[in-house]
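All remarks here apply to the structure that follows.
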Amino acid sequence: MVQVSRLQRSFGSYSRYDDIFALDTVACQGFFLVSWLHRHEDCCEELYYLTFDNGERRLLDIKQVASGGADGDWQARSTMRLGKDGRLRTTTTAHNAISPRDVRPDGSILAYEHTDVVVKEFALNPNGQISCVLKDSTRR
C-alpha cells in the first residue's frame, strides 16, 4: 500500500460520498503510471494520472486529466484522444445555466448562462513528470 500525504491535498477532503478507484497501472522504466478515478457527491468524477518511483514508491507527479458530472445548473464532460505521438488531448466542456437564484427580486441578473470549452494536451517525460499544455480555451 502506498500512503502519500500529497494525495490528501490533491483530492481535497474526503467524506462518505467519496470513492477512489485505481483503474490501471502501466510499468515504465524507472516509474509506473496509475490512472485513478475520484467520484464524489454522487454527481461528479475526475480522472487523475499519477506517477510513482519504482524503487521508493514515492509520488512523482499527479495531474487531473478529465472530469465530468452534473449538479444543479452545472454540467461538465471531458473527451480524451490519444495521439500517434503518445500525447493525450482532452477537451472539457462545462455548461453553467442560469437559475432562479441568479435573478434578484428587482430583475437584475447575478450570473449569466455560459459554456466553457478547454483543450489540454498531456505528455509523460522519461522522469515520470506529466506536462500539461493549454491548447485552447473559449467561453460562449
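Some observations on this one:
- For Asp42, the criteria (1) under 16 Å from Ile20 (Cβ atoms); (2) surrounded by 13 or more Cβ atoms within 10 Å (Cβ to Cβ); (3) in contact (Cβ under 8 Å) with a residue 24 or more places away in the chain hold in every case but one, which is (2).
- Condition check for Pro126: more than 30 Å from Asp53 (Cβ to Cβ) and exposed (fewer than 10 other Cβ atoms within 10 Å of the Cβ): no
- Within the stretch 98-123, considering residues that are surrounded by 14 or more Cβ atoms within 10 Å (Cβ to Cβ) and aliphatic (A, V, I, L, M), the one farthest from Gly68 (Cα to Cα): Ala123
- When the residues of the stretch 62-74 are filtered to those that are over 14 Å from the mean Cα position of the chain (by Cα) and not in a loop (DSSP other than H, G, I, E, B), the one that is surrounded by the most Cβ atoms within 10 Å (Cβ to Cβ) is Trp74.
- Leading residue by the ranking (nearest to Trp74 (Cα to Cα)) among those in the stretch 85-138 that are in a strand (DSSP E or B) and among the charged types (D, E, K, R): Asp116
FYI, it's all coordinate maths here, none of it is from the lab. What you see is a predicted model; the values in this text were computed from it and never measured. Cβ sites come from the backbone with ideal geometry, for glycine too, and all protein chains shown count toward neighbours.
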